[in-house]
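I have placed the structure first, in the form of structure tokens, so that the comments after it can refer back to it.
The values are calculated or read from the model by the stated rules, or taken from the named source; none is laboratory data. Since the model is a prediction, treat every value here as computed from it, not as a measurement. Neighbour counts run over all protein chains shown; Cβ positions are idealised from the backbone, glycine included. We work out accessible area using only protein heavy atoms, side chains counted, and drop any ligands, DNA or RNA first. Shrake-Rupley method; radii C 1.70, N 1.55, O 1.52, S 1.80 Å.
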Amino acid sequence: MITLLDYGAGNVRSVINAIEHLGETVKIVTSARDIETARRLVFPGVGAFGSMMQRLRDLKLIDSLREYLTEDRPFLGICLGMQALFEGSEEAPGVPGLALFPGRVVRFDTDLSVPHIGWNGIRARQPSPLFSDLNGDERFYFVHSYHVQADNDADVLALTDYGYPFVSAVQRGRIVATQFHPEKSGPAGLKLLKSFLAGESASTLPETAQERTCLAKRIVACLDVRAND
């Protein structure tokens, strides 16, 4: 049984589908007690940082979530669920995050298009059970305008390049989180999710070490129905 924290800010069906596809059942958090009794907790955050933290406060989930994290129990944060682990965000000045990791969330400062949308790679910075079935040249799906700046390099699990390197995954003990969406990243994302759900793999590094990542080229197929072109 996998416990999923859905605070009502958006559709998490793709995450549930991915977990069920891998043979697990999903229990949706309805109270703080569900977090306290979770075997493995997945937090797929969506929306805006300030709204997310306010919703967690309204549902009285902050204390139980912090306690779960400080006990180093299995946790996977996704996208905004990763950003919530830090002290705060430029997106919502004055709104505190969970502050498990030192650092803040900042908006991309680049001449490239923001948000960062598409399939990009990762550069592993430390061994992890999440990498047990990955080669290192996989691409994962991103869609975000803000990224974390971690104060502690030991917390950085992976980097990705978009104008400059940014933190795309963090890890501390059994707590891991990704800026990308594994549930929307095809076979590579399912492999990563499977490793988290199994929880038995040894920490490892991918065989391939990329020097730099880049967005996959995109082809847009168009049809002009007037001229049949």
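Which net charge results for the neighbourhood of G189, defined as the other residues with beta-carbon distances under 13 angstrom from its beta-carbon, given Lys and Arg at +1 and Asp and Glu at -1? All intermediate terms of the calculation are to be shown ahead of the outcome.
Numbers: positive: R139, K184, K191, K194; negative: D133, E138, E183.
After counting each charged neighbour, the total is +1.
Given the chain, what count of lysine pairs have C-alpha atoms under 24 Å apart, with each pair 8 or more places apart or on different chains?
Values: K27/K60; K27/K184; K27/K191; K27/K194; K184/K194; K184/K217; K191/K217.
So the count of such lysine pairs works out to 7.
Could you tell me which of rounded, prolate or oblate describes the range 94-189, using a ≥ b ≥ c as the square roots of the eigenvalues of the alpha-carbon gyration tensor, with rounded for a/c under 1.5 and, failing that, prolate when a/b is larger than b/c and oblate otherwise? Walk me through the intermediate numbers first.
Values: a/c = 1.72, a/b = 1.09, b/c = 1.58.
Oblate shape, in that a/c is at least 1.5 and b/c is the bigger or equal ratio.
Please compute, for the alpha-carbon atoms of the range 128-181, the extent along each of the three principal axes and give them in descending order in Å.
Computed over the Cα atoms, the extents are 28, 25, 16 Å.
Apply the Karplus parameterisation 6.51 cos²θ - 1.76 cosθ + 1.60, with θ equal to phi minus 60°, to every residue of the range 139-151 and state each ³J(HN,Hα) to the nearest whole Hz, in sequence, with x for glycine and proline.
10, 10, 8, 10, 7, 6, 9, 10, 9, 8, 10, 7, 6
Probe radius 1.4 Å, ligands and nucleic acids ignored: give me the carbon and sulfur share of the accessible area of the range 69-170 as a rounded percent.
Numbers: 1760 of 3860 Å².
With neighbouring chains kept in place, the figure for the range 69-170 is 46 percent.
So how strong a dipole does the range 109-195 carry about its Cα centre when Lys and Arg Cβ are +1 and Asp and Glu Cβ are -1, to the nearest 20 debye? Don't skip to the answer; put the middle values down first.
Numbers: 8 positive and 10 negative charges, 79 e Å.
The dipole of the range 109-195 has a size of about 380 debye.
How charged is the neighbourhood of D151? Take every other residue with its Cβ under 12 Å from the Cβ of D151, and add Lys/Arg as +1 and Asp/Glu as -1. Walk me through the numbers before you get to the answer.
Numbers: positive: R104; negative: E87, D153, D155.
Once all neighbours under 12 Å are counted, the net charge is -2.
Quick one: helix 186-198 against the long Cα principal axis of the chain, what's the angle to the nearest 10°, folded into 0 to 90?
The helix 186-198 is inclined about 20 degrees to the chain.
Using a ≥ b ≥ c from the Cα gyration tensor of the range 1-88 (square roots of the eigenvalues), is it rounded, prolate or oblate, where a/c under 1.5 gives rounded and otherwise the larger of a/b and b/c decides, a/b for prolate? If you can, show how the numbers build up before the last one.
On the way: a/c = 1.61, a/b = 1.23, b/c = 1.31.
It comes out oblate by the Cα gyration axes.
Where a ≥ b ≥ c are the square roots of the eigenvalues of the C-alpha gyration tensor, would you call the range 1-50 rounded, which needs a/c under 1.5, or, failing that, prolate if a/b is larger than b/c, or oblate?
Oblate shape, in that a/c is at least 1.5 and b/c is the bigger or equal ratio.
How much net charge surrounds S89 when only other residues with a Cβ under 14 Å from its Cβ are counted (Lys, Arg +1; Asp, Glu -1)? Present the calculation step by step, with values, prior to reporting the outcome.
Numbers: positive: R104, R107; negative: E87, E90, E91.
Charge balance near S89 sits at -1.
Please report the spacing between the Cα centers of the range 158-191 and the range 63-100 in Å, no decimals.
16 Å
Taking the Cα centre of the chain as the origin, how large is its charge dipole in debye, to the nearest 20, when only Lys and Arg (+1) and Asp and Glu (-1) carry charge on their Cβ atoms? The partial results should precede the final answer.
Working: 24 positive and 28 negative charges, 76 e Å.
Taking the Cα centre of the chain as origin, the dipole is about 360 debye.
Given the -39500 (n - 2.57) contribution per DSSP H run of 4+ residues, what per-residue ellipticity at 222 nm results for the chain, rounded to the nearest 500 deg cm²/dmol? Don't jump to the answer; show the numbers that get you there.
Details: 6 runs with 50 residues, N = 229.
Roughly -6000 deg cm²/dmol at 222 nm, from the helical runs in the chain.
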